[in-house]
Amino acid sequence: MSNHNEKYEALAQVIRDHREQKGALMPVLQAAQNIFGCVPLDVQEIIADGLGVTLSEVYGVATFYSQFSLQPKGEYVCGVCLGTACYVKGSQKVLDKLCSELGVEVGQTTKDGRFTVQATRCLGACGLAPVMMINDEVFGRLTPEDIPDILAKYRAS
Amino acid sequence: MDLFRAHVLVCGGTGCSSSGSAELIKRFEEQIAKNGLDREVKVVRTGCFGLCEAGPVVIVYPEGTFYSRIRPEDVDEIVSEHLLKGRVVQHLVYKEKADEEQHVTLDNIDFYRPQMRLALRNCGVIDPENIDEYIAFDGYKALAKVLTEMTPEQVIDEVLKSGLRGRGGAGFPTGKKWQFAAASKADQKYMVCNADEGDPGAFMDRSVLEGDPHSVLEAMAIGGYAIGASEGYIYVRAEYPIAVKRLEIAINQAREYGLLGKNIFGSGFDFDIFIRLGAGAFVCGEETALMHSIEGGRGEPKPKPPFPAVRGLFDKPTNINNVETLANIPQIILKGSEWFASIGTEKSKGTKVFALGGKINNTGLVEVPMGTPLRDIIYKIGGGIPGGKKFKAVQTGGPSGGCIPADYLDIAIDYDSLTAIGSMMGSGGMIVMDEDNCMVDIARFFLDFTVDESCGKCTPCRIGTRRMLEILERIVEGKGEEGDIEKLEALAENIKATALCGLGQTAPNPVLSTLKYFRDEYEAHIKEKRCPAHHCQKLLNYEITDKCRGCTACARVCPVNAITGKVKEMHHIDRAKCIKCGSCMEKCRFGAIVKN
């Protein structure tokens with residue numbers, strides 16, 4: 001529970017730090033996303049009150065940008081790059097394999113809450129195409145056959 | 001200052017970092033210390049060298065030996081052989097082709113020889129986290145010259161005469177932009193750097209920010225002086241964590257040195273820079289949308305006029321330039337507009353950085369003078385198409401651009417030549433495609449991107465691009481109808497003419513250019529229900545040939561039990577049951593399954 005309170009305290013601090021800043025809503029939402037892993041409605045309400053803007057404005061911004069998520073994501077977020085360079089080198093098949101291995105569709109999280117599958121925008125590592133990221137770790141020059149072994153590593157941890 | 005007899009440059013760009021260059025640096029430092037060389041040899045983490053294909057890349061000076069695809073276990077050998085005994089480790093040196101003699105240094109590699117690095121001049125050369133190295137390479141000299149010897153009008157005039165055009169996409173003359181912003185009267189103006197590099201497959205701006213962040217800061221200060229702005233904002237993608245970190249370090253160092261802040265060079269000019277992060281919205285690369293995002297709102301564009309130079313960020317006159325554009329500014333000031341204007345073609349001056357990717361041997365970043373033939377970029381620098389496949393097209397300009405077929409390989413690349421053939425420069429992404437890529441599917445891919453990224457404000461873009469995508473999806477699934485091509489063309493023309501911002505106005509380009517050059521592929525999909533590139537799954541037929549050994553692997557993997565046959569006898573696929581998932585072909589160890 002203390003952990004829970006710490007998060008809200010951290011959010012309050014972020015709001016205090018940015019209150020006077022021009023265009024504070026984006027940086028505050030970004031900080032909130034980092035603190036909570038997502039920006040659920042109660043967090044949006046706190047931000048709206050703290051910055052003196054309407055909840056509809058906060059919700060409008062939070063739903064506009066793909067980086068903000070209203071629901072919590074899995075422990076491991078697997079993002080397969082669907083940038084052009086990766087796509088022409090077959091990243092769609094890598095993504096399909098990942099979905100079938102985990103039994104979810106793109107954008108969904110596995111029932112145990114461990115893995116979320118995403119199709120990401122260009123990661124800029126085009127020299128390693130096709131590329132996938134699991135949290136901060138990058139896997140390059142992938143084929144669909146590589147997926148089970150990579151997942152096994154995370155499943156075991 | 002300590003003098004070192006050798007320098008080990010390790011690429012710290014995103015590509016090489018992804019393949020483990022940070023671990024290499026640690027290992028080098030450990031091994032160098034272990035061998036007692038730490039006062040003689042210095043390890044430097046630089047920005048991107050450009051040849052990402054060969055990453056992680058390590059260059060050892062003074063020889064300039066170019067090591068490629070280095071693994072942590074290779075480090076010990078480089079230290080004990082090269083650094084300790086002075087013997088180049090030949091088997092780790094970059095090789096252009098497996099059967100060729102081995103090349104040693106940067107200058108004699110085909111990938112680098114035709115290049116001319118202006119915007120990338122310091123990338124892969126200096127430590128981007130050390131302002132002293134930037135200053136040693138004439139850094140902040142241009143700012144000093146501007147503030148102490150030139151009037152704002154002279155600065156604008158110099159940039160105008162250089163012929164520099166915006167490198168972010170549209171190619172508007174930079175000097176003109178500065179002139180407009182300078183002409184606006186206001187108590188506060190802003191200088192904004194657009195580092196929201198969203199085109200898939202383009203990563204030159206990221207490389208400049210990662211490899212040479214001070215050049216952008218210096219150029220923003222110069223621009224700020226020219227237009228009369230005291231504050232600058234850099235709007236950078238949150239997906240670029242290394243770039244963001246290095247920008248933060250650079251801004252702090254510049255403030256410490258008094259190169260940002262109050263009274264710079266004692267000239268009375270104040271200028272400071274702040275970073276704002278994007279949050280994953282492609283449309284924010286559009287300047288009015290970008291400004292809304294910095295203001296903390298939804299990144300939706302608005303009609304122009306008023307142009308940002310009149311009413312922009314926080315309703316004040318604002319000038320927005322792209323990263324690569326800015327990276328050219330300090331040199332234009334130092335070496336003069338005549339020098340810059342002597343490079344390139346009549347209407348496109350200087351160089352352009354391209355991100356080569358897709359079906360090409362040397363993926364990476366290349367910088368060439370404007371007017372370089374496309375063929376040179378793809379074959380001389382890029383090393384051609386891997387696997388003996390045939391070149392089919394190169395896609396430039398990202399989701400706003402088009403596909404260029406083999407017939408135009410000899411055009412000299414500049415803003416106008418690319419527009420003339422239905423593509424555009426865009427930010428410089430160049431994705432090469434071979435015979436296995438289906439052009440209808442590529443058009444579908446880009447429309448999928450724009451539909452997803454459309455902000456939804458104007459109807460042509462929100463609804464029109466979705467209708468186009470639906471038609472394309474039908475076509476690649478074998479449900480195309482007579483008249484689909486005409487419907488696509490009509491929608492495309494309407495969207496181009498009526499969408500609010502650049503995203504919508506250019507969204508139909510990938511469809512129009514593939515229709516222009518690869519119409520036969522569309523017709524094959526629609527009329528014959530056939531994909532000439534054998535790419536579109538739904539249009540393929542899988543067959544088992546007599547290479548089959550009857551191992552039963554395919555029958556076991558088939559999710560719909562469409563494959564039958566006895567052990568050690570040839571198997572068969574029931575076409576009526578087959579869902580064309582391709583699992584059997586992937587599983588077959590004998591190459592007995594073909595698609596046609």
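Each value in this text was obtained by applying a stated rule to the coordinates, not by laboratory testing. Everything numeric in this text was worked out from a predicted model, so none of it was measured. Don't worry about glycine lacking a Cβ; one is built from the backbone with ideal geometry, like all the others, and counts go over all protein chains shown.
Looking at chain B alone, DSSP beta bridges between its own residues are antiparallel in about 55 percent of cases.
Considering only DSSP states other than H, G, I, E and B, which trypsin sites (Lys or Arg not before Pro) in region B:494-593 qualify as loop sites with at most 11 other Cβ atoms within 10 Å? All intermediate terms of the calculation are to be shown ahead of the outcome.
Numbers: sites: B:K496, B:K516, B:R519, B:K527, B:K529, B:R530, B:K538, B:K547, B:R549, B:R556, B:K566, B:K568, B:R575, B:K577, B:K580, B:K587, B:R589; in loops: B:K529, B:R530, B:K547, B:R549, B:K566, B:K568, B:R575, B:K577, B:K580, B:R589.
Within region B:494-593, the qualifying trypsin sites (Lys or Arg not before Pro) (loop, at most 11 other Cβ atoms within 10 Å) are B:K566, B:K568, B:R575, B:R589.
Extension gain for B:F590 to B:K161 (0.36 nm times residue separation, less C-alpha to C-alpha distance): 148.0 nm.
Hey, any idea what the orientation-averaged projected area of the convex hull of region B:39-176's Cα atoms comes to, in nm²?
Details: hull surface 47.2 nm².
For region B:39-176, the mean projected area of the Cα convex hull comes to 11.8 nm².
Scanning chain A for GluC sites (Glu not before Pro) that sit in a DSSP loop and have at most 10 other Cβ atoms within 10 Å, the longest stretch containing none of them is A:21-104.
Modelled spin labels at B:H534 and B:W339, positioned 7 Å past Cα toward Cβ, are 5.4 nm from each other.
Roughly how tilted is helix B:439-453, in degrees to the nearest 10 and between 0 and 90, from the longest Cα axis of chain B? Computed tilt is about 50 degrees. Taking other Cβ atoms within 10 Å as a rough exposure proxy, B:S21, B:S80, B:S427, A:S157 sort from fewest to most as A:S157, B:S80, B:S21, B:S427. So what's the net charge close to B:M150: Lys and Arg +1, Asp and Glu -1, counting the other residues with Cβ under 15 Å from its Cβ? It works out to a net charge of -1. Between A:K89, A:K97, A:K22, the residue with the greatest mean-square fluctuation in the GNM of chain A (Cα pairs under 10 Å linked by springs) is A:K22. Separation of region B:366-398 and region B:214-284, taken as the distance between their Cα centroids, equals 34 angstrom.
Loop-located trypsin sites (Lys or Arg not before Pro) across region B:126-199 with a Cβ neighbour count of 12 or fewer within 10 Å are B:K185, with loop assigned by DSSP. Calculated FRET efficiency, B:E486 to B:M116, Cβ-Cβ distance, R0 = 41 Å: about 0.35 to the nearest 0.05. Placing a label point 7 Å from the Cα of B:A420 along the Cα-to-Cβ line, the residues of region B:497-516 whose backbone N sits under 20 Å from it are B:513-514, B:516. For the pair B:E569 and B:K176 in one chain, pulling the backbone fully straight at 0.36 nm per residue adds 134.0 nm over the alpha carbon distance. Beta bridges per DSSP, both residues in region B:131-338: antiparallel share near 15 percent.
The calculated FRET efficiency for the pair B:D520 and B:D270, based on their C-beta separation and a Förster distance of 45 Å, comes to about 0.15. Listed by chain and number, the aspartates and glutamates whose C-alpha is less than 16 Å from the C-alpha of B:K479, apart from same-chain residues fewer than 8 away, are B:D441, B:E470, B:E521, B:E523, B:E528. Spin-label model, B:T105 to B:E493: label points 7 Å out along the Cα-to-beta-carbon direction sit 5.9 nm apart. Between the alpha-carbon centres of region B:446-518 and region B:15-33 there is a gap of 46 Å.
So if we plug the beta-carbon distance of B:A33 and A:D146 into 1/(1 + (r/R0)^6) with R0 = 45 Å, what FRET efficiency do we get, rounded to 0.05?
Numbers: r = 36 Å, r/R0 = 0.80.
With a Förster radius of 45 Å, E is 0.80.
Summing charges over all other residues whose Cβ lies under 14 Å from the Cβ of B:I249, with Lys and Arg as +1 and Asp and Glu as -1, gives -4. Seen from B:K527, the other residues with C-beta closer than 13 Å to its C-beta sum to a net charge of -3, counting Lys and Arg as +1 and Asp and Glu as -1. A simple spin-label model places pseudo-atoms 7 Å from Cα toward Cβ; at A:S56 and B:E473 they are separated by 3.1 nm.
A dipole drawn for the protein assembly as shown from +1 and -1 charges on Cβ atoms has a positive end, and of B:N130, B:A202, B:F445 the residue lying farthest that way is B:F445.
Region B:312-362 and region B:108-152 have Cα centres separated by 13 Å.
By the helix-only formula, in which each DSSP H run with n ≥ 4 contributes -39500 (n - 2.57) and the sum is divided by residues, the protein assembly as shown has a 222 nm mean residue ellipticity of -11000 deg cm²/dmol. Ignoring lysines fewer than eight residues from B:K316 along the same chain, the ones with Cα atoms less than 22 angstrom from its Cα are A:K22, B:K176, B:K177, B:K185, B:K189, B:K262, B:K302, B:K304.
Compared with the alpha-carbon gap, the fully stretched path from B:E435 to B:I463 is longer by 6.8 nm at 0.36 nm per residue.
Assuming 1.306 mPa s and 10 °C, estimate D for chain B with Stokes-Einstein, Rh taken as the Kirkwood radius over Cα pairs, in µm²/s. In µm²/s, the coefficient is 61. Among beta bridges from DSSP that stay inside region A:76-156, the antiparallel ones total about 55%. Using the Kirkwood formula on the Cα atoms of region B:351-434, what hydrodynamic radius do you get, in angstrom to one decimal? Here the Kirkwood hydrodynamic radius works out to 12.3 Å.
The ranking of A:T143, B:T351, B:T318 by Cβ neighbour count inside 10 Å, starting from the fewest, reads A:T143, B:T351, B:T318.
If you take the Cα Rg of the protein assembly as shown and divide it by 2.2 N^0.38 Å, with N the number of residues, what do you get? Don't jump to the answer; show the numbers that get you there.
Values: Rg = 26.7 Å, N = 753, 2.2 N^0.38 = 27.3 Å.
Output field value: 0.98.
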